[in-house]
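Please treat every number below as a calculation from the coordinates, not as lab data. From a predicted model like this one, the values you see are computed outputs, not experimental measurements. Cβ: placed from backbone, ideal geometry, glycine included. Neighbour counts: every protein chain shown.
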Amino acid sequence: MVHFLLYIGHKYHQFMATQQKKGETKNQHYVPQFYQRNFSNDGKTIGAYVLEKSRYIPKAPIKNQSSGDYFYSDNMKIEKTLGLMEGMANVVIKKIIESPLERISKEEEYTLYVFTMLQAGRTIFQVELIKESANLFVRNTLKKIIELKRKYGKEEEVADITDEIIDRVELNFNSVGMMALGTQAQLVNTCIDLDYKIIINKTEKSFLASDNPAVIYDVFMERMKQIYALGSRGLMIYLPLSPFIAVLYYDSKCYKVGDRKKKYVDLISEKDVEELNKLIVAKASNVVYFRPSTYSEYQIRNFCDCVMKYRLSDKVAGYPEMVSEDGNPIIGSYHIPMFCNLSLSFVKELPKYSFIKPNQYNPAIHRLREIAYYRDDFILK
């Protein structure tokens, strides 16, 4: 698995420079087919609800879901390497689904963790995030250049360039799917400090999945009214594995999740299932998945409609203008956090953090987990 991370994370730019079309696996899935089959009745189709079109599809072919032509690369080495990783993850996930109370080995834990982390960064949602971030940076940089030219008497050079024209500027991206995967691979150990629990859904309401199924969230930062990222204090990562089994990674220095002595949580409240499903719908790129026999069209449509208010129209925003010590402008952006008033009965903030009020929040102390300060080579050791 470590070899896979090094292969993807440090060599992907070399593959992009030596593309060779071979006519193999043109349709590449950013949500693996094996994963989607866990939400299928027949192994071939899955229930799908397209958010932007409010379209209910009771039997959508899995082979056409969450995929794109050469989404990562037309170099088949990338697709084959991903296939090997997915094969390893499939074995572990099947084992968990079949025997959720059974502890898995350290190697299996790491396989599941790597799969979850890569899944969080390899989807169309992440591709759109990268595009939006790059476009915003370029537009804000151009606006600043024009502002400075006008300030220093060179207005004639930019007389015909307006903000409206700049706001239509878009970069032409190549292999952005590979860029997303490569970036996430280099960040994969950022969350290795998180603990995890297997979530066993014992209610009659099943878990939903989506075209962006590994959801990153932060209950502590939501309460502090702060943005969050992979190194944030209070981070959580939720991934449903089937309609009734899921995994939740969490910051154990910030939260108590279920019984400390158990590696699993029995979910008996439908309200908790709805809260987790709310995460999935709110962070989906455009398609929500479900096992067809578990939700009617009315149920899925009504639930998604109720969650739409939490979905973000813009994923990226620019920082207020800053100036460096030598007087040069600093242009930056951040990912707008999605907050949905998440409330889970089995997740409790520990006293050290639950006592902190938003006006007491100190970014120097409360913003990051310890691992954010470590070098990656130290983490790997």
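Show me the trypsin sites (Lys or Arg not before Pro) within the range 226-329 that DSSP assigns to loop and that have at most 13 other Cβ atoms within 10 Å of their Cβ.
Arg260, Lys261, Lys262
Looking only at Asp272, Asp314, Asp193, which one moves most when the chain is put into a Gaussian network model with springs between Cα atoms under 10 Å?
Asp314
Test of the criteria: in the range 285-366, which GluC sites (Glu not before Pro) are in a DSSP loop and have at most 13 other Cβ atoms within 10 angstrom of their Cβ?
Those satisfying the criteria are Glu321, Glu325.
On a 0 to 90° scale, report how tilted helix 124-151 is relative to the longest principal axis of the chain, with both axes built from alpha carbons and the result rounded to the nearest 10.
Its long axis makes an angle of about 20 degrees.
Please report the antiparallel percentage of the DSSP beta bridges confined to the range 2-380, to the nearest 5.
In the range 2-380, approximately 90 percent of DSSP beta bridges are antiparallel ones.
Which angle from 0 to 90°, rounded to the nearest 10, does the C-alpha axis of helix 176-186 make with the longest principal axis of the chain?
Here the helix axis deviates by roughly 70 degrees.
Listed highest first by mean packing, meaning other Cβ atoms within 10 Å per residue, what order do 146-153, 214-221 come in?
Top of the packing list down: 214-221, 146-153.
With a bin width of 10 angstrom, please list the P(r) values of the range 121-169 as percents of all Cα-Cα pairs, from the 0 bin to the one holding the largest distance.
Calculated P(r), rounded to whole percents: 25, 39, 21, 12, 3.
Using Cα-only point scatterers and the Debye equation, what is log10 of I(q)/I(0) for the chain at each q in 0.09, 0.13 Å⁻¹, rounded to two decimals?
The Debye formula, applied to the Cα set alone, gives -0.57, -1.16.
Return the calculated 222 nm mean residue ellipticity for the chain, to the nearest 500 deg cm²/dmol, obtained by summing -39500 (n - 2.57) across DSSP H runs with n ≥ 4 and dividing by the residue count. Before the final figure, lay out each step's value.
Details: 13 runs with 147 residues, N = 381.
Value at 222 nm, helices only, nearest 500: -12000 deg cm²/dmol.
Whole Å is fine, so just give me how far the alpha carbon centre of the range 269-328 lies from that of the range 120-142.
The range 269-328 and the range 120-142 have Cα centres spaced 18 Å from each other.
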